[in-house]
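Every number here is computed from the coordinates shown, using simple stated rules; none is lab data. None of the values given here were measured: they were computed from a predicted structure.
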Amino acid sequence: MDKMSIHYIFLLLLQQCIMVELVMSLTNITTDQFALLEFQSRISSDPDNIISSNWSYTTSVCSWVGVSCGARHRRVTALNLPNVNLSGSLPPHLGNLSFLASFNLSGNAFQGQLPRELGKLRRLKLIDLSFNFFEGSIPLSIYNISSLRWIYLEGNSLLGTLPNELYDRLPNLEVLYLYMNQLNG
Ligand SMILES: *[C@@H]1O[C@H](CO)[C@@H](O)[C@H](O)[C@H]1NC(C)=O
Ligand SMILES: *[C@@H]1O[C@H](CO)[C@@H](O)[C@H](O)[C@H]1NC(C)=O
Ligand SMILES: *[C@@H]1O[C@H](CO)[C@@H](O)[C@H](O)[C@H]1NC(C)=O
Ligand SMILES: *[C@@H]1O[C@H](CO)[C@@H](O)[C@H](O)[C@H]1NC(C)=O
Ligand SMILES: *[C@@H]1O[C@H](CO)[C@@H](O)[C@H](O)[C@H]1NC(C)=O
Ligand SMILES: *[C@@H]1O[C@H](CO)[C@@H](O)[C@H](O)[C@H]1NC(C)=O
């Protein structure tokens with residue numbers, strides 16, 4: 001490698017660090033905790049006491065069942081609670097989980113609309129909300145998350161039209177499952 005490209009790579013890395021620092025200075029683990037507590041407060045039924053007996057104020061969110069944090073920055077990177085019989089709706093606060101990469105609530109009984117704030121999840125790679133009772137239209141903001149690779153929304157009552165430029169806006173997309181909804185396009 002010549003001197004120029006080393007210089008260039010260094011600048012890219014520096015820029016990346018500054019971006020991460022900036023996001024972290026705007027939000028922190030307290031923001032993540034607040035978002036998760038809002039999520040918990042909208043759970044209307046948890047018959048198997050999956051989170052009601054576990055998500056406690058007195059322990060770190062990183063030890064909560066279904067929650068994972070990044071090893072280095074200790075921010076929430078995953079919210080995965082598939083097939084645990086939860087009912088409820090999703091709060092807009094989930095859009096504040098700035099480091100979320102994996103979101104899997106497949107096979108529960110969640111209902112209501114998908115908050116458009118989910119489009120703020122710039123690092124999201126996987127969203128699996130399949131086999132719930134979500135309704136309304138898929139927020140267009142979702143198609144702004146260029147990091148998305150796997151989208152599973154099948155088995156809900158979602159409505160709407162897919163944008164034509166879908167594959168341009170989601171260049172990393174590998175899987176898009178939407179069957180058993182009422183979509184066009
Ligand atoms: C997170 O940020 C808020 C407001 O900027 C601040 O009050 C709080 O102390 C911070 N919490 C942590 C754990 O850094
Ligand atoms: C919550 O569940 C996690 C994972 O199963 C466990 O490690 C943790 O100790 C539990 N916390 C409480 C307060 O029960
Ligand atoms: C979500 O979790 C379920 C149950 O563990 C799993 O079968 C499914 O593959 C997960 N979704 C994705 C997209 O990985
Ligand atoms: C969810 O409910 C079904 C039916 O009541 C039960 O068989 C299953 O074990 C429950 N799942 C969990 C994770 O407790
Ligand atoms: C997070 O999101 C909600 C709703 O989108 C907002 O009202 C709240 O103030 C946000 N910020 C923090 C730091 O929790
Ligand atoms: C998508 O992102 C662009 C640029 O940040 C923004 O102007 C636009 O409002 C976003 N669209 C939606 C539907 O959120």
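Some points to look at:
- ³J(HN,Hα) computed for each position of region 107-115 - Karplus, 6.51 cos²θ - 1.76 cosθ + 1.60, integer Hz, glycine/proline x: x, 10, 10, 5, 9, x, 8, 7, x
- Cα pair distances in region 68-185, grouped into 10 Å bins until the bin that holds the longest one, percent each: 14, 48, 33, 5, 0
- Near residue 134, the amide H atoms lying under 5 Å from its own belong to 157; only residues 5 or more places off or on other chains count, and H is placed 1.01 Å from N.
- At q = 0.20 Å⁻¹, base-10 log of I(q)/I(0) for region 60-99 (Debye sum, equal scatterers on each alpha carbon): -0.70
- Rounded to the nearest 5, the antiparallel percentage of DSSP beta bridges internal to the chain is 20%.
- In the chain, helices alone account for a calculated mean residue ellipticity at 222 nm of -7000 deg cm²/dmol, with every DSSP H run of four or more residues adding -39,500 (n - 2.57).
- Rounded to whole Hz, the Karplus (6.51, -1.76, 1.60) HN-Hα couplings of region 28-33, x for glycine and proline: 8, 4, 5, 4, 4, 4
- Among 166, 81, 129, the largest mean-square fluctuation in a Gaussian network model of the chain, built with springs joining Cα atoms closer than 10 Å, belongs to 166.
- Choice from 89, 98, 52 showing the highest fluctuation, given a GNM over the chain with Cα pairs closer than 10 Å: 52
- Centroid-to-centroid separation of region 34-88 and region 116-185 [C-alpha atoms, Å]: 23
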